[in-house]
Amino acid sequence: MISSRFLRYSAATAGITGTAYLVYQTVKSMRQGFAVQARDIKDTHVVVIGGGYAGISCASELKDKCKYTLIDAKDKFHHNWGAQRASIEEGFARQLLTYMRSKVVNLDPGSQIVKLENGNELKYDYLVLATGTGGSFPGRIPLGISERMRSCYDTIRKRIMDARSVVIVGGGAAGVEMAGDIKEDFTDKTVTLVHPSEQLVDNDVSDKFQGMVKDRLKKLGVAMVLGERVVNLDAAVAGAGPAVVKTDAGREIPADFVIKAIGLKVHSVAYANSELGKKMDNFGRLPVNEFLQVDGYENVFAAGDCNNVKERKMGMLATQQGTSVGKSILSHAEGKALNKYSGGAPFALCIGRTGGVTRMPFFGGVVLGDWVTTKIKAKDCCLSVVKKQLGVKD
Ligand SMILES: Cc1cc2nc3c(=O)[nH]c(=O)nc-3n(C[C@H](O)[C@H](O)[C@H](O)COP(=O)(O)OP(=O)(O)OC[C@H]3O[C@@H](n4cnc5c(N)ncnc54)[C@H](O)[C@@H]3O)c2cc1C
């Protein structure tokens, strides 16, 4: 049974923010008997673990149609697409965080129960795993900790502003965006991007995309050290101040501030020690079918970064997956056909506020430059789109 404490928390959360209706729907009663069969949809209880892009879009789909509980270890939603902007622009971080709470430490698909960190258990008819990925700040924030995030963004912004030279380790999408934002706003700083491969972003982008990314970085004046691996990363970032970054090619790059932009890991703690854990791939992702049901389970779905759908892991796609899962659950509860997930979203990489590169999901993946990328993302890091989705008014 759900505890009254949990219910009170949900109500209190609803009072804190006008967006809570998208985040939590208080569960008024718990159903007994959880056979997966056509049922009165209003009696169906869906537990969604993870209030990131996938979890929120799933909950939005379920809102007003069935009972659902959205659980997140963080008390706030972190719009991490704007992490680089919040690291350089005062006041931007405030807009990246909205409210949430609680952590799932295990679950049992047999008895259809999830176990919370505080010892409480929660029964479900359908379970949605949307636990995503974690990594280093500023791109990601640790599970359960968000109250200090604004001051962490204040600190990183001050360090960047005070530094004459910044080294960013990791030339994936996050590192490229960070380099672009810093260099465009602070032209007098030396910004160096170090990446172990000659290919920035990842190996899936086309040569044209790759070329445009490098041209844009060069145009802004970002120095690139490619094909060299940093060998003293932990020591270099530990002091949060001046350091000498060393690479496996023997290069030494002095920096006033070093930013780590590598190492995303799937958050599998909710299911790793359950039956589902046996199904995880080497990255901790869960195998799903075309309806995003976890292999072998009719009433368990995985959406977003924590599943093994073969596509770029993106928030835009996680959002679509969450919506698709919500639709499937509602259909399934009514004994109707499930919704097939189809995917397809632009991949927009902003490199500074005024440009970047975007691959469209149509015309064979046409690649477009600064103007389109600024319109789609670079101007406000999609804040307005995501706020609309969350129902945030200010
Ligand atoms: C710096 C950076 C920039 C990015 N920019 C873009 C971009 O511009 N566009 C784009 O489309 N994508 C972008 N991405 C990728 C995008 O952020 C991810 O694909 C997206 O966050 C995945 O969404 P999700 O809902 O699957 O998981 P997440 O957003 O990771 O959310 C998962 C949630 O689950 C919670 N959780 C995990 N485990 C538990 C547990 N045991 N109990 C309770 N709660 C739990 C976490 O607290 C978290 O809130 C970016 C990623 C990074 C790192």
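What shape does the stretch 238-394 take by its C-alpha gyration tensor, where a ≥ b ≥ c are the square roots of the eigenvalues and a/c under 1.5 counts as rounded, a/b above b/c as prolate, and the rest as oblate?
It is oblate, given that a/c is not under 1.5 and a/b is not larger than b/c.
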Q) Near K388, which aspartates and glutamates are there with a Cα under 17 Å away, not counting those fewer than 8 places off in the same chain? A) E61, D380
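Using a 1.4 Å probe, what is the accessible area per residue for the chain, in Å²? Kindly include the intermediate steps, with their values, before the conclusion.
Working: 16930 Å² over 394 residues.
Normalised by residue count, the accessible surface of the chain is 43 Å².
Report for the chain the percent antiparallel among DSSP-assigned beta bridges with both residues inside it, nearest 5.
50
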Q) In sequence order, what are the phi-derived ³J(HN,Hα) couplings for the stretch 344-361 according to the Karplus relation 6.51 cos²θ - 1.76 cosθ + 1.60 with θ = phi - 60°, rounded to whole Hz, with x for glycine and proline? A) x, 8, x, 9, 10, 10, 8, 10, x, 6, 10, x, x, 9, 10, 9, 7, x
Q | Accessible surface of the chain [probe 1.4 Å, protein heavy atoms]: carbon and sulfur percent | A | 51
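Assuming R0 = 41 Å, can you tell me the calculated FRET efficiency for the pair K158 and F283, based on Cβ-Cβ distance, to the nearest 0.05?
Details: r = 35 Å, r/R0 = 0.85.
My answer for the efficiency is 0.75.
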Q: Obtain the nm distance between the two label points defined at S384 and F362 by a simple spin-label model: each point lies 7 Å from its Cα along the Cα-to-C-beta direction.
A: 2.1
Q: Give me the distance in nm between label points sitting 7 Å out from Cα along the Cα-to-Cβ direction at S331 and K265, one decimal.
A: 3.7
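Just from its helices, what would the mean residue ellipticity at 222 nm be for the chain, if runs of 4 or more DSSP H residues each count -39500 (n - 2.57) and the sum is divided by every residue, rounded to the nearest 500 deg cm²/dmol?
On the way: 11 runs with 109 residues, N = 394.
Here the helix-only value at 222 nm equals -8000 deg cm²/dmol.
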Q) Once amide H atoms are built 1.01 Å from N in the peptide plane, which residues 5 or more positions from I259, or in another chain, come under 5 Å H to H? A) V167, I168, V169
**Q.** Simple spin-label estimate for V231 and E121 in nanometres, 7 Å along Cα-Cβ
**A.** 5.3
Q. Between the stretch 249-300 and the stretch 322-365, how many Å separate their Cα centres?
A. 20
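The values are calculated or read from the model by the stated rules, or taken from the named source; none is laboratory data. Since the structure is predicted, the reported quantities are computational estimates derived from the model, not experimental observations. Counting neighbours? That spans all protein chains shown, and the Cβs are built from the backbone with ideal geometry, glycine included. Each accessible area value is taken on the protein alone, full model and side chains, heavy atoms only, with ligands, DNA and RNA left out. Shrake-Rupley method; radii C 1.70, N 1.55, O 1.52, S 1.80 Å.
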